[in-house]
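Q: Mind having a look at this structure? Questions to follow.
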Amino acid sequence: MLPPAEASQAAERARVLLDRLRELADPDNVAGMARYGINSNGTLGVSMPALRGLAHELRRMRRTRPGFVHEVAANLWASGVHEARILAGLVDVPALVTPEQADAWAADFDSWDVCDQVCGLFASTPFAYAKVGQWTAAEAEFVKRAGFVLICALAVYDKAAPDQRLIDLLPLVVRESTDARNVVKKAVNWALRQVGKRSPACHDAAVAIGEEILARHPDVASARWIARDALRELRSDAVLARLATRG
């Protein structure tokens, strides 16, 4: 916990950032975002490049004042403003994020873009794999999505993990392939594709999982779409050529 004076400074920094976000607000962008399924409640319409620019200012402080940045992120999240929550995920310090914070933020997810951006933060924590198991079993649609988005992030960015650690997550794809909710099924499909593009071994395992889904759930529309769409990409010439260079 920060000393009171520094906590007050962090709250003030968050207020300044919120004012800057409101200055960047674009109602036309909000309407366009809504067409892509992004929740318009509390949304200002600030672009991702602008958010990354604001994040860059704080991320430079992560090494020198990690506790301060972490507190700023907490204040941004507490504001409930759509873009402020994305910004919180971009700047927060993974080493200071707790499992309890991750659960609380995931419970607040109400839009796929906030979920996906913030999961980049959670993927850098030591408890990321534990949250995969927990969240993919959740009933809340955005929490479940978060579990599969974590798989996507880990498949790409956790270079130190052995392939088998990602392959061992693929049964979760089979288990949840019958969930027809749009934000869930797209994340399940995404996870299958991302694991499958990681390496030749992961590719073979993901293709086998896609075929298993088709065999197990031939009459379930969401399962058919998840498997067929993933297999189409995984068997494409572009993916096969890319994997050949890693073999």
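Q: Of all residues in the range 156-178, count the ones that are in a loop (DSSP other than H, G, I, E, B), surrounded by fewer than 21 Cβ atoms within 10 Å (Cβ to Cβ) and either more than 17 Å from the chain's Cα centre (by Cα) or aromatic (F, W, Y) (or both).
A: Residues flagged as in a loop (DSSP other than H, G, I, E, B), surrounded by fewer than 21 Cβ atoms within 10 Å (Cβ to Cβ) and either more than 17 Å from the chain's Cα centre (by Cα) or aromatic (F, W, Y) (or both) within the range 156-178 amount to 6.
Q: Need the failing condition index for Q117 against (1) among the polar types (S, T, N, Q); (2) more than 30 Å from A161 (Cβ to Cβ); (3) assigned to a helix (DSSP H, G or I), just the number.
A: The single condition Q117 does not satisfy is (2).
Q: Report the residue count in the range 68-108 for those that are in contact with a His (Cβ under 8 Å, 6 or more places away or on another chain) and among the charged types (D, E, K, R).
A: Total meeting the criteria: 1.
Q: Now a separate question. With the condition kept exactly as written, say whether any residue in the range 126-141 is assigned by TED's automatic domain parsing to the domain that holds L21, within 13 Å of the chain's Cα centre (by Cα) and part of a helix (DSSP H, G or I).
A: No, every residue in the range 126-141 fails to be assigned by TED's automatic domain parsing to the domain that holds L21, within 13 Å of the chain's Cα centre (by Cα) and part of a helix (DSSP H, G or I).
Q: Here's another thing I want to ask about it. Just need a number here: residues in the range 210-245 that are in contact with a Pro (Cβ under 9 Å, 6 or more places away or on another chain) and loosely packed, with under 11 Cβ neighbours inside 10 Å.
A: 1
Q: I need a count of the residues in the range 1-42 that are modelled with pLDDT under 90 and of a type in the set (V, I, T).
A: The number of residues fulfilling the criteria is 2.
Q: Just one of the numbered conditions (1) crowded, with 23+ Cβ neighbours inside 10 Å; (2) over 26 Å from S199 (Cα atoms) is not true of C119; which one?
A: (2)
Q: Would you check which residues across the range 191-247 are of a type in the set (D, E), part of a helix (DSSP H, G or I) and closer than 17 Å to D179 by Cα and list them?
A: If the condition is that a residue be of a type in the set (D, E), part of a helix (DSSP H, G or I) and closer than 17 Å to D179 by Cα, then E212, D229 are the ones that fit.
Q: When you look at G45, is it in contact with a Phe, Trp or Tyr (Cβ under 7 Å, 6 or more places away or on another chain) and more than 23 Å from A123 (Cα to Cα), yes or no?
A: no
Q: Just to confirm my filter: which helices (runs of 4 or more DSSP H) fall fully inside the range 1-101 and include at least 2 residues that are in contact (Cβ under 8 Å) with a residue 40 or more places away in the chain and either among the hydroxyl-bearing types (S, T, Y) or surrounded by 16 or more Cβ atoms within 10 Å (Cβ to Cβ) (or both)?
A: In the range 1-101, 4-23, 66-78, 82-91 are the helices (runs of 4 or more DSSP H) which contain 2 or more residues that are in contact (Cβ under 8 Å) with a residue 40 or more places away in the chain and either among the hydroxyl-bearing types (S, T, Y) or surrounded by 16 or more Cβ atoms within 10 Å (Cβ to Cβ) (or both).
The values are calculated or read from the model by the stated rules, or taken from the named source; none is laboratory data. Because the structure is predicted, anything quoted here is derived from the model rather than measured. Every residue, glycine among them, receives a Cβ derived from its backbone with ideal geometry; neighbour counts consider all protein chains shown.
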